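Right, one structure below, let's go through it.
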Amino acid sequence: MALYEHVYLARQDLTAQQSEALTEQFKTTVTGLGGTIGKVEYWGVKSLAYRIKKNRKAHFTLINVDAPPAALAEAERQWSINEDILRFMTIRVEAHEDGPSAMLRKRDDDDRGDRGDRPDRGDRGDRGDRRPPRGPRGPRRDDSAEGGQF
């Protein structure tokens with residue numbers, strides 16, 4: 001059997017429990033046709049880059065699947081009929097990723113408030129006067145009190 005990563009986007013007005021019910025429906029279909037389900041990650045409600053079927057946000061879920069292609073084809077056929085599913089994508093992979101996915105790792109980094117690899121900027125000196133120097137055309141704008149030459 002082949003290994004797949006399946007991601008689906010559900011409508012924003014569904015509850016988290018309804019989104020989990022969709023995941024259970026997918027699991028039932030795949031396991032009924034001889035496949036197995038690995039890790040399931042609910043990524044939460046996220047903003048979409050553009051509107052999809054009048055929705056600006058969606059519930060994102062990742063499912064690791066080990067199943068024959070026929071089982072996945074049937075599950076995708078059912079997704080295409082379901083009105084609550086905005087988009088889905090299934091990718092064949094060589095091996096499933098151990099631990100949390102990149103999306104969950106990103107959320108953990110955001111929660112820590114960490115700024116990544118940025119060095120301490122305490123060694124930076126004073127930047128001094130940042131106004132442009134006077135040119136041959138006369139004084140700077142802020143030097144002329146009576147509205148002189150610009």
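Out of Ala145, Ala70, Ala58, Ala102, report the one residue that is modelled with pLDDT of 85 or more and surrounded by fewer than 13 Cβ atoms within 10 Å (Cβ to Cβ).
Ala70 is the lone residue from the list that is modelled with pLDDT of 85 or more and surrounded by fewer than 13 Cβ atoms within 10 Å (Cβ to Cβ).
Check region 66-89 and report whether any residue there is in a strand (DSSP E or B) and touching a Ser or Thr at 6+ places or on another chain (Cβ under 6 Å).
yes
Counting only residues that are among the β-branched types (Val, Ile, Thr) and assigned to a helix (DSSP H, G or I), which one in region 5-32 is surrounded by the fewest Cβ atoms within 10 Å (Cβ to Cβ)?
Of everything passing the filter in region 5-32, Thr28 is surrounded by the fewest Cβ atoms within 10 Å (Cβ to Cβ).
Restricting to region 56-81, give me the number of residues that are touching a residue at least 40 places away in the same chain (Cβ under 8 Å) and either of a type in the set (A, V, I, L, M, F, W, C) or in contact with an Asp or Glu (Cβ under 8 Å, 6 or more places away or on another chain) (or both).
Number of matching residues: 12.
Can you tell me how many residues within region 86-96 are within 17 Å of the chain's Cα centre (by Cα), closer than 13 Å to Leu3 by Cα and surrounded by 12 or more Cβ atoms within 10 Å (Cβ to Cβ)?
1
Tell me, please, whether a residue that is more than 13 Å from the chain's Cα centre (by Cα), assigned to a helix (DSSP H, G or I) and in contact (Cβ under 8 Å) with a residue 40 or more places away in the chain can be found in region 33-51.
No, every residue in region 33-51 fails to be more than 13 Å from the chain's Cα centre (by Cα), assigned to a helix (DSSP H, G or I) and in contact (Cβ under 8 Å) with a residue 40 or more places away in the chain.
Considering only region 9-34, how many residues are of a type outside the set (Val, Ile, Thr) and closer than 17 Å to Met89 by Cβ? Reasoning before the result, please.
Going through region 9-34, the residues of a type outside the set (Val, Ile, Thr) turn out to be 9-14, 16-22, 24-27, 32-34.
Narrowing further to those that are closer than 17 Å to Met89 by Cβ: 9-11, 19, 22, 26.
Number of matching residues: 6.
The values are calculated or read from the model by the stated rules, or taken from the named source; none is laboratory data. Just so you know, these numbers come straight off a predicted model, no measurement behind them. Neighbour counts are summed over all protein chains in view; Cβ atoms, including those assigned to glycine, are modelled from backbone coordinates with ideal geometry.
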